[in-house]
1. Work out from phi, with θ = phi - 60° and the Karplus expression 6.51 cos²θ - 1.76 cosθ + 1.60, the ³J(HN,Hα) of each residue of region B:209-218, listed in order in whole Hz, and give x for Gly and Pro.
2. Using only atoms on other chains, find how many Cβ atoms lie within 10 Å of each Cβ of peptide A:66-75 and report the average.
3. Mind checking the log10 I(q)/I(0) for region B:9-261 at q = 0.16 Å⁻¹? Debye, one equal scatterer per Cα, no solvent, two decimals.
4. Between region B:293-370 and region B:105-167, what is the C-alpha centre distance in whole Å?
5. Using just the helices of chain B, give the 222 nm mean residue ellipticity in deg cm²/dmol: DSSP H runs with n ≥ 4 each add -39,500 (n - 2.57), and the total is spread over all residues, rounded to 500.
6. Once you keep just the Cα pairs under 8 angstrom separated by 6 or more residues, what percentage relative contact order results for chain A?
7. Just need the relative contact order of region A:182-255 here, percent rounded to a whole number, with Cα pairs under 8 Å and 6+ apart.
8. Per the Kirkwood formula on distinct C-alpha pairs, the Rh of the protein assembly as shown is how many angstrom?
Amino acid sequence: MNMISIKNIHAQIEGKKILNGLSLDVKPGEVHAIMGPNGSGKSTLAAVLAGREDYEVTEGSVDFLGKNLFELAPEERAREGMFLAFQYPIEIPGVSNLNFLKAAIAEQRKHKGLEPLTAREFLNLVAEKSKLVELDGQLANRSVNEGFSGGEKKRNEIFQMAMLAPKLAILDETDSGLDIDALRIVADGVNSLRSPERSFIIITHYQRLLEYIIPDFVHVLYKGRIVKSGTKELALELEEKGYDWIKEEVETANA
Amino acid sequence: MEATIITSPAKEKFLSSLANHKSALLENAPELVSAALASLDELDFPTTRVEDWKYTRTARISNGEWSIIKNRNKIDITPFLIRDLNADVIVFVNGFFSNELSSFSSSEKTSITIGGKHQRETKAFKNIFQALNVAYCTSAVNISVAKNIVAEKPIQILHIVTDEKALAQPFISIHSEKSSQLHILESFVSVGEKKSFTNRSLNITVDENAQLHLDKIQIECDDNFLLNEDNIHIADNGHFTINTLTVDGGWVRNSLNISLDGQNIEANLNGIFLPRRKQFVDNHTKVDHRFPNCNSNELYKGILDDQSTGVFNGKVYVHPDAQKTNAYQSNANILLSNDAQMNTKPELEIYADDVKCSHGTTTGQMDENALFYLKSRGLGDESARKLLSTAFINDVLYKVTNEKVREYVVGELVRRELLFV
């Protein structure tokens with residue numbers, strides 16, 4: 001069974017068509033990288049999967065673990081095991097990182113019919129998972145992303161991912177704006193969470209991240225569709241040759 | 001100058017219902033009562049054409065049927081007390097001091113006297129409500145903390161309204177003598193959801209180097225009207241903080257006037273208000289910087305739902321002599337519904353040239369990006385909204401420095417499903 005099966009989705013924002021018949025199947029344990037030039041629809045894909053209301057899906061379907069994804073509210077998608085690491089994590093002054101996560105985990109466990117974690121169990125989990133991304137205990141205690149550096153914000157995303165232990169994690173340009181040390185920490189965190197039951201969709205503009213997180217498949221998104229798929233070698237080819245040759249291939253095929 | 005006598009059917013009717021009542025201030029402040037009665041000839045209920053009442057309709061008060069009602073029934077006040085606070089408690093029922101329900105010890109250090117000498121500095125009355133309060137006062141109390149005394153216990157002043165049509169007009173004086181310290185908590189509650197009008201006057205004098213902290217907690221019902229007139233005078237090196245926490249109530253107006261009558265004074269005024277349904281909450285504040293080297297900090301936050309209305313009018317007046325003034329004012333509001341309305345107006349009048357003054361007001365909706373972020377982690381819509389509301393007013397809640405008082409207020413907010421815990 002597929003973890004997620006995306007079939008021919010078309011999506012638009014404010015009347016502007018962004019996704020034009022995108023299809024993708026991801027099986028449990030697989031890591032899929034989605035690459036593509038700016039404006040190809042990468043972040044729209046992440047937003048549509050996570051359930052942002054600004055985007056209107058006009059055609060197509062997504063099956064997530066046997067459920068129609070579009071019938072689920074964003075919070076229900078999260079409780080079913082989907083996680084989106086934001087390209088631009090939101091700062092929420094006054095909301096403590098830990099209280100927020102405690103509430104999120106409590107709702108997730110309630111959804112599964114489980115009792116909430118005890119204070120001790122929760123704090124043990126925090127201690128264990130914050131180590132994964134070398135997140136300072138102080139950061140975990142502060143307001144959500146408030147005053148965090150770019151790298152700290154991205155590490156906080158991976159920390160939250162580790163805490164929530166999703167089945168499908170979508171990383172939206174998690175590597176953007178990271179220096180090499182932060183990139184390595186984030187990648188190590190992600191790699192430690194790889195398992196045969198957990199799948200990843202990694203959206204990135206650059207091949208660099210894929211040197212640290214080795215994908216099973218690489219797809220190229222252009223004009224809202226996947227125009228080329230391959231293995232990790234495709235990412236290297238893109239790094240070397242850029243995106244122009246892909247664009248040319250597509251234009252020629254369309255001509 | 002001849003006084004103009006103003007008559008109107010509403011005023012005549014209102015006054016006729018009070019005619020048999022003698023002001024509780026008559027014995028100890030006969031001249032003040034005479035002045036109030038004389039002012040009543042010249043004053044009438046304000047209309048929205050008066051700038052100070054532009055967004056504040058008083059017709060339901062002026063046209064309402066009211067009477068002075070003593071209630072001698074036993075009332076269980078435990079739900080209105082703060083657990084483990086161990087405060088002296090002064091209780092008013094329908095504006096009348098209740099000896100049976102109150103429990104306090106009065107001493108030379110901290111004296112609490114009923115009908116004692118008053119602290120109102122002026123005999124001028126700016127509006128009809130002030131004059132009504134004095135002319136037909138239901139009970140007066142004077143609280144005084146002596147020189148150099150740090151009051152051991154906080155004092156809770158508890159106002160309860162219980163009867164349909166009750167008009168409560170308590171008059172409270174507080175005198176913090178030189179270098180004293182006192183924490184006062186004033187709460188307004190109602191039992192039985194009966195229509196009533198509380199027109200309460202508070203007059204505070206903070207002497208040199210004294211510190212007074214006042215937490216005002218308003219938790220009435222949709223049928224209650226509540227008008228607070230707070231006049232505060234602070235002397236050199238005085239320190240005054242007031243937190244106005246409007247949790248519930250149908251119609252609330254707080255008129256807060258702080259006069260900084262010396263140097264090196266610090267005045268902090270903070271507030272939260274969370275009206276919903278058709279509730280109305282109005283905060284009119286004035287900070288009068290009259291001398292150099294004083295600080296005032298003002299922070300009011302509102303969350304308005306349904307068809308509720310809020311008003312914030314914050315005046316800061318810096319006199320020519322008040323150099324080196326630091327005056328900060330902020331009012332931020334969130335509208336949770338398209339039908340909620342907020343009228344906010346900062347007014348800074350600065351006549352000194354070496355000052356730091358700032359003001360800012362914002363009124364907006366809940367941050368959709370933040371909501372989506374929280375939901376994307378599994379929080380439901382309700383929880384996410386409450387979590388953001390909590391975050392929004394948290395900084396004001398923490399101005400309530402007494403943990404037990406803060407917990408009580410948070411508890412009342414949570415009980416009304418307004419906050420997330």
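1. 6, 8, 10, 10, 10, 10, 10, 10, 10, 10
2. Average neighbour count from other chains, rounded to a whole number: 3.
3. Relative scattering, expressed as log10 I(q)/I(0), comes to -1.23.
4. Their Cα centres are 29 Å away from one another.
5. Helix-only estimate at 222 nm: -5000 deg cm²/dmol.
6. 27 percent
7. This gives 24 percent for region A:182-255.
8. So the Kirkwood estimate lands at 28.6 Å.
The values are calculated or read from the model by the stated rules, or taken from the named source; none is laboratory data. From a predicted model like this one, the values you see are computed outputs, not experimental measurements. Note that each Cβ is placed from the backbone with ideal geometry, even for glycine, and that neighbours are counted across all protein chains shown. Just the protein is used for accessible areas: all its heavy atoms, side chains included, with ligands, DNA and RNA removed. Shrake-Rupley method; radii C 1.70, N 1.55, O 1.52, S 1.80 Å.
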